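Peer 1: One structure follows; several queries about it will come next.
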Amino acid sequence: MNDKLIQLIYASSASDLMTEEELLALLEQSREKNARLNLTGILLYKSGNFLQVLEGPESAVTELYETIKKDERHANILTIATKEIKERDFGDWKMAFANLNKLDPASVPGYSEFLNDPFDGKYFAEKPSRAFAFLKVFKDGMR
Ligand SMILES: Cc1cc2nc3c(=O)[nH]c(=O)nc-3n(C[C@H](O)[C@H](O)[C@H](O)COP(=O)(O)O)c2cc1C
């Protein structure tokens, strides 16, 4: 099938603060399914908020996003950007993950520039390019 590739970025807030175990369970589930659907991306979590980029064949991304939007583990889901891509920006990852509450900022080059940015959907929706740049720092930093 010749499905075009798309990239979707959204932000949301966790319904309850997520424990490390809950985050790991979510990731394990996500990675297995993303591998099956040929999806890649990054999920960031900070102070109860999520920022995620998903990329892959349009039908798979759209379908998963519908599922994700119904997931009761989070709410206030806000689409930040959707675009067609020629190649993947986050292709190395079935779903990379960083819990920014637990992370030493100095361990990810470039992160310090974003440390004082708000980490919420409203801010990212106003500045989609900033959301992308933020995710990119983690793509480059988590090798
Ligand atoms: C913040 C957040 C991010 C998620 N990211 C993914 C993901 O990248 N891939 C995935 O398969 N499921 C992800 N999920 C989980 C889905 O909502 C859903 O539970 C999962 O795909 C299993 O759905 P199914 O068993 O109905 O197929 C995410 C959920 C949340 C709350």
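Peer 1: With 22 Å as the limit, write out which pairs from K46/K86; K70/K139; K33/K122; K4/K70; K94/K139 have Cα-Cα distances beyond it, or answer none. Mind showing how you got there, number by number?
Peer 2: Values: K46/K86 30 Å; K70/K139 27 Å; K33/K122 29 Å; K4/K70 25 Å; K94/K139 12 Å.
The answer is K46/K86; K70/K139; K33/K122; K4/K70.
Peer 1: A further question on this structure: Please state the Cα pair-distance histogram of the chain with 5 angstrom bins from zero: what percent is in each bin?
Peer 2: 2, 10, 20, 25, 23, 14, 5, 1, 0
Peer 1: Count charges around E21 for me, please; just the other residues with Cβ under 14 Å from its Cβ, Lys/Arg as +1, Asp/Glu as -1.
Peer 2: On the way: positive: R73, K102; negative: D16, E20, E22, E28.
Charge balance in the 14 Å sphere: -2.
Peer 1: In which sequence would Y45, Y65 go, from the one with the fewest C-beta neighbours within 10 Å to the one with the most? Please list the in-between numbers first.
Peer 2: Values: Y45 22, Y65 17.
By the 10 Å Cβ count, ascending: Y65, Y45.
Peer 1: For the chain, what are the DSSP H helices with axial Cα length of 15 Å or more and mean Kyte-Doolittle hydropathy of at least 0.0? Don't skip to the answer; put the middle values down first.
Peer 2: Details: long enough: 20-37 (25 Å, -0.87); 58-69 (16 Å, -0.30); 128-141 (20 Å, 0.10).
TM-like helix candidates: 128-141.
Peer 1: Quote the relative contact order of the range 5-141 in percent (integer), defining contacts as alpha-carbon pairs under 8 Å separated by 6+ residues. Intermediate results must be reported in sequence, preceding the final value.
Peer 2: On the way: 222 pairs, mean separation 49.5, N = 137.
Normalised by residue count, the contact order of the range 5-141 is 36 percent.
Peer 1: DSSP loop (so not H, G, I, E, B), at most 10 other Cβ within 10 Å: list which GluC sites (Glu not before Pro) in the range 29-124 pass both filters.
Peer 2: Values: sites: E32, E55, E58, E63, E66, E72, E84, E87, E113; in loops: E72, E87.
Taking the range 29-124 and a limit of 10 other Cβ atoms within 10 Å, the loop GluC sites (Glu not before Pro) found are E72, E87.
Peer 1: Just from its helices, what would the mean residue ellipticity at 222 nm be for the chain, if runs of 4 or more DSSP H residues each count -39500 (n - 2.57) and the sum is divided by every residue, rounded to the nearest 500 deg cm²/dmol?
Peer 2: On the way: 4 runs with 50 residues, N = 143.
Helices in the chain give a 222 nm mean residue ellipticity of -11000 deg cm²/dmol.
Peer 1: Exposure proxy check: V137, V61, V53 ranked by fewest other beta carbons within 10 Å? Write down the numbers at each step before the final one.
Peer 2: Working: V137 19, V61 22, V53 27.
Going from least to most buried by this count: V137, V61, V53.
Peer 1: How far apart, in nanometres, would the label points at E72 and S15 be if each is projected 7 angstrom from Cα along the Cα-to-Cβ direction?
Peer 2: Placing both labels 7 Å along Cα→Cβ, they lie 0.4 nm apart.
Peer 1: Further question: Which trypsin sites (Lys or Arg not before Pro) in the range 46-86 pass both tests, a DSSP loop state and at most 10 other beta-carbon atoms within 10 Å?
Peer 2: Working: sites: K46, K69, K70, R73, K83, K86; in loops: K70, R73, K86.
Answer by residue number: K70, K86.
Peer 1: Compute the FRET efficiency between I85 and E32 as 1/(1 + (r/R0)^6), taking r as their Cβ-Cβ distance and R0 = 22 Å, and round to the nearest 0.05.
Peer 2: Numbers: r = 24 Å, r/R0 = 1.07.
With R0 = 22 Å, the Cβ-Cβ based efficiency is 0.40.
Where a number appears in this text, it was derived from the coordinates with a stated rule and is not lab data. These numbers were taken from a predicted model, which means no experiment stands behind them. Here Cβ is always computed from backbone atoms with ideal geometry, including for glycine, and neighbour counts include all displayed protein chains.
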